[in-house]
Amino acid sequence: MSKKRVLVTGAAGKVGKVVVDDLLSHGYDIFAVDRDFKEDPGVPHMTAELTNFGEALDALSSTGVDVYGRAEMNAFDAIVHLASIPHPREVSDADTFSNNMVATYNIFESAKRLGINNIVWSSSETLLGIPFEQSKIEAVPVTEDVKKYGSSTYAITKVLGEELAEQFCLHNPEMKIACLRLSNVMEDEDYKQFPDYQKDPNKRLWNLWSYIDVRDAAQSIRKAVETEFKGMDTFIITNDDTVMDTSSEELVKEYYPNLKINGELTENQTLLSNEKAKRILGYQPQHSWREFV
Ligand SMILES: NC(=O)c1ccc[n+]([C@@H]2O[C@H](COP(=O)([O-])OP(=O)(O)OC[C@H]3O[C@@H](n4cnc5c(N)ncnc54)[C@H](O)[C@@H]3O)[C@@H](O)[C@H]2O)c1
C-alpha cells in the first residue's frame, strides 16, 4: 500500500519543521510548502506565496509523475495548513489580516476544488480571550465552548478562520477541518526563560500560564490528521502542566480571585483544558518543560 501523502504549509516555520519530521517518522510522504525556505527541507517542496490563489491551487494539485519522470505522486490525503503570520503586531495589522485570511481562504478553497477533505489548521489560544486579565471568562479550566473574543487583529484572523472553516464544512458535508487552538509554542531554547517566570507570575498572566511544547504540538497535528470525523471542530492544545511551580489553585486564587474553579485542580494542571483533544484525538502530551530546565 502506498504511503499517505500530506501537504504541510508553513513548513519552514517553528511548528512546520517539527511537524514535517514528526509526520515523516510516522510513515507519511510529505510535500512541504512555504514562501521562504531558508534551508533545504530535505523533502519534496515548493516555494509558493499562498495569498496568490494560483500558487495555492498549483501547490495543492502537485500530482502525477514529477518533471524528472521519477515518482508517481498521488493526490494529497490531507493538508496541514500552518502558514501564517504567527503573532500580533509582528507586521502591520492590515498585513496580518490580509496575509492570514487570504492564505487560509485560498487553502480551503483549493482543497474543496480538488476534493481534499482532510484539513488540519492551526488556530490559536488567542481567540479564547487573551489577555485573560481583560476577558470575560467566568471559570477555569477554560474549555472550547467559551465565546470567541479576538482582542488583536491576529486573534481576529483566528476567529474568522474558524468561521471560514465552518462555512466550508457546511457546504461540503464530506469535508473535515480540525482547528487546533495551539497555546504559546515552546522549543528547547524557550525553556531557558522559564526560571524567570517563577519570580514573577505576572509575566504569564495573559495566557493563564499555559504553553505547548513544539513536539507535542506536532503530535496533536498528526493525531488530528488521523482522527476521522466530518465537519469543523475545535480543540485546545496545551501541555498538561502550567509554566509555573506555584500550584494552579494558588495562582487562580491570588491573580484571578473572581474566577470560579470547576472541579478540582491537580498541582500544576493547565488552566486551558486539553481534555477534549485527549478524548477525541487521542492526544497525549509527552514533553513537560520540567525535563529541560
Ligand atoms: N508560535 C506560537 O506560539 C503559536 C501559537 C498559536 C498558534 N500558532 C499558529 O501556528 C502556525 C505556525 O506558527 P509558527 O510559530 O511556526 O510560525 P512561523 O512564523 O515560525 O512559521 C510560519 C511560516 O509560514 C510561512 N508563511 C506565512 N505566510 C505565508 C504565505 N502567505 N505564503 C506562504 N508561506 C507563508 C512563513 O514563511 C513561515 O515559514 C501559525 O498559524 C500560527 O498562527 C503559533
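Only the coordinates and a few stated rules stand behind these numbers; no lab work does. As the structure is a computational prediction, the values presented were derived from the model and not from experiment. Using ideal geometry, Cβ is built from the backbone for each residue, glycine included, and neighbour counts are taken over all protein chains shown.
General remarks:
- Put in line by how crowded their Cβ is, counting other Cβ atoms within 10 Å and starting with the fewest, 145, 22 read 145, 22.
- Cα gyration tensor, the range 48-93 - rounded (a/c under 1.5), prolate or oblate: prolate
- Cross-link pairs exceeding 32 Å in C-alpha to C-alpha distance, out of 192/223; 14/260; 112/148; 148/278, comprise 14/260.
- Assigned charges on the beta-carbon of Lys, Arg, Asp, Glu; the range 128-169 dipole about Cα centre (debye): 140
- Fewest-first sequence of 151, 273 by Cβ atoms within 10 Å of each Cβ: 151, 273
- In this Cβ point-charge picture (+1 for Lys and Arg, -1 for Asp and Glu), the range 1-157 has a dipole of about 260 debye about its Cα centre.
- Put in order of Cβ neighbour count within 10 Å, fewest first, the listed residues 259, 82 become 259, 82.
- For the peptides 219-229, 183-193, 90-100, the ranking by packing is 219-229, 183-193, 90-100, with the highest mean count of neighbouring Cβ atoms within 10 Å listed first.
- For the range 128-137, Karplus couplings with θ = phi - 60° (6.51, -1.76, 1.60), whole Hz, Gly/Pro x: 7, x, 6, x, 5, 4, 9, 8, 10, 4
- Relative to one another, the C-alpha centroids of the range 23-37 and the range 150-166 are positioned 26 Å apart.
- A dipole drawn for the range 1-146 from +1 and -1 charges on Cβ atoms has a positive end, and of 107, 94, 31 the residue lying farthest that way is 31.
- Helix-only arithmetic for the chain: the sum of -39500 (n - 2.57) across DSSP H runs with n ≥ 4, divided by the residue total, places the mean residue ellipticity at 222 nm at -9500 deg cm²/dmol.
- Karplus-derived HN-Hα couplings along the range 207-220 (A = 6.51, B = -1.76, C = 1.60, θ = phi - 60°), whole Hz, x at Gly and Pro: 10, 6, 6, 8, 6, 9, 5, 4, 5, 6, 4, 5, 4, 5
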